[in-house]
Every structure is written in structure tokens, then in C-alpha cells.
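To start, the structure under review is shown below, and the notes come after it.
Bear in mind these aren't lab numbers, they're just calculated from the coordinates by the rules spelled out. As the structure is a computational prediction, the values presented were derived from the model and not from experiment. FYI the Cβ positions are ideal-geometry reconstructions off the backbone, even for glycines, and counts take in every protein chain you see.
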Amino acid sequence: MTAAAPPISTKALLADTTTVRLRPRYEGSNICTWIGFKHVNYLVEEAVLDHFCQSGLPARALYEEYGLGLDIVSLDTRILHAFHMDDLAEAEVVPFTKDGDATLGFKVTIRIERGGQTLKAVTSTVRASLRIDTYLEAAGAVPADVAPYAVERLGAHLAAEAPPAIEGEDILARLTAGENAYGWKWTIPYPYCHFTERLQMSGYLRLMEEAKDRFVADRGISIKTLLDDRKWIPVVPRSDLRILDEALMEEDLYLVYTVEEVFKEFTYTSRLDAYVPRDGKLVKTATGRIVHGYAVIENRRDWRLVPFDRRVLDALAGKPSGT
């Protein structure tokens, strides 16, 4: 049997504000020296993980000693100023969890220096759950302080709709029928997972980025096409993602990227939904939205937002275009 773990306290985790200095990862600089939305969200996640560490509850100890997997289950992020390679930012994490809330909540603000000024670059609302590990032997009773946030299954606290039955039908055709959408089937590989078995939030962020890439390529305006034709790049002012249920390693995941709205020819909002067929039903495991615009590269340092032209508007709407 596993030895009983020492008692723990969530006092600092739930009350203290923490700060940490962070740099975006080199991998996130894909076009010139700008950092994509996915890696900005990674900074948010890293700040929250550091808050747990500073509060005496690092993710490793939570898992190894108490059998609790720290899962980010919701991210709602606004990007107010672009990040560049080698930027040194300061992230502030403020807990806002209330009694009766089944998740741990945090407000994250990331600031950067620009021309001698400190700018608020990112704001994000984050929610986390402590998933009780069932893959290995039980670690014993969940400590009382963290018990309100410990769950046997991610998304169990949500009021979910009953999943529809599936009986030998074309799942992608069903999910995209009548919608301005693109879908694909994908088998979940282990590099997208954590705690041995389940798809993690960063994996969904990677899929959201891939969904955009697949969608525009399918519509004839791939990332490279618009880069080569006019030096346009996609930019993201906002993204949000929520885990609704668990998706497990090597399960088939069906992903659908749906264009919901084009706003004043400057941005468009798309929704990403993820589903797993399980026990004869189609279970939605995650949903989220992402807002995209386009910017033209002016030089190696600067870009500016541009309105959509007819070619892009037609592609977004799924209409043929001669331009």
C-alpha cells in the first residue's frame, strides 16, 4: 500500500497573488519573430503552474504524493499586444475560486516592456481541476483542503447534454451537414496526452491551430498561399477552450471547425468541437472558439492589420471566387 501523504493546505493557492518572469518558447516563432496564440496560451498555463509551485502544491507532488493530476480545463485568453521572440514578460496570477465552485479559478495578466512602457499584453481566465488518478493504485483519501476540487472525471461537474447514438453512419458527414465547416478524424497519440492516459489542454490548443491550417488549405487560401501572394499572416486576438469530458490516448477523435461569424471584414470567429465515439454514442469532449484576422508583413519587425478582400471573404463563406 502507498504510505499516507502529509497534510496540505490550499490557503496560499486560494488567496495569494503570485508573479513570475517568463519568455515565450522558440518553437512558437513561426513567421518572422512573432509568437503565435498557442504559445501565448502556453505562457498562461506556465504562470498557473508556477502559482501552484509558489503556493506549495507543485503538480509533481500533487500527483506523486496525493494521486491528483493537475488539469487545465478552461482557457479564455485575450491577446492585446503581440509577443516577439526573446520578450521577457511578467505574469501575475490572481486566484478567484469561490466556495461551491468545482474548479480552481485564476485571472492571469501578462505584461511586457515596449519603448520604455509597461503594456498589458495578455489577459486570461483559467480554470483547473484535480483529477483523481485511477490508472495506478489509489493514493489514499483525498486531503480535505483539496477535496472540493478533486474530481473522478474531467467535466463531471458540467451539465452535459445526453450524447446522441451513432449506428454505422458517416460521423463527419453528420457533424458537418448544413454547416460552413471542415472536419477530420484523428487518433490521439501519446505526445498530446499527460498523466498516462488523457488528452491535455495543450494538445487541444495544438489541434485548434491545426484546424485553422486545415480549413484555409481546404478553402484555397492556405497559410503559405497568402504569405507568398501578399505577405498576409493570420493573427489571433482571442481564443477560448473548455474540456467537457475526457478523451483518451489512441481513441478516435472527430474534430469540426465551423465558421460562425465574419465581423466587419476584419475578423472571423470559428468554433472547434471535438467528439469521441464511445459505447455507441458520440461524446463531445471539448469545445472552443478562436477569433482570426489577417495582417500584412511590412518588414522583419512590423505588421499591420488589413481588411479581408473578396477572395478571402468568399473562401471563408465557402463560395467560389474568381479573384
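Figure legend. Inter-residue proximity from segment 97-125: first residues more than 16 Å from residue 21 (Cα to Cα), second residues assigned to a loop (DSSP other than H, G, I, E, B) and among the β-branched types (Val, Ile, Thr), beta-carbon distance below 7 Å, spacing 6+ or different chains. Indicated pairs: 104/97; 105/97.
For the residues 265, 260, the requirement of being of a type in the set (Asp, Glu), in contact with a strand residue (DSSP E or B) (Cβ under 7 Å, 6 or more places away or on another chain) and surrounded by fewer than 18 Cβ atoms within 10 Å (Cβ to Cβ) singles out 260. Here residue 30 clears all of (1) part of a strand (DSSP E or B); (2) under 20 Å from the mean Cα position of the chain (by Cα); (3) in contact (Cβ under 8 Å) with a residue 24 or more places away in the chain; (4) over 19 Å from residue 129 (Cβ atoms) except the condition numbered (3).
If you go through segment 281-309 and keep only what is touching a residue at least 40 places away in the same chain (Cβ under 8 Å), touching a Lys or Arg at 6+ places or on another chain (Cβ under 7 Å) and charged (D, E, K, R), you end up with just 289. Candidates in segment 238-257 are the residues that are of a type outside the set (Gly, Ala, Ser) and closer than 18 Å to residue 316 by Cβ; of these, the one that is surrounded by the most Cβ atoms within 10 Å (Cβ to Cβ) is 257.
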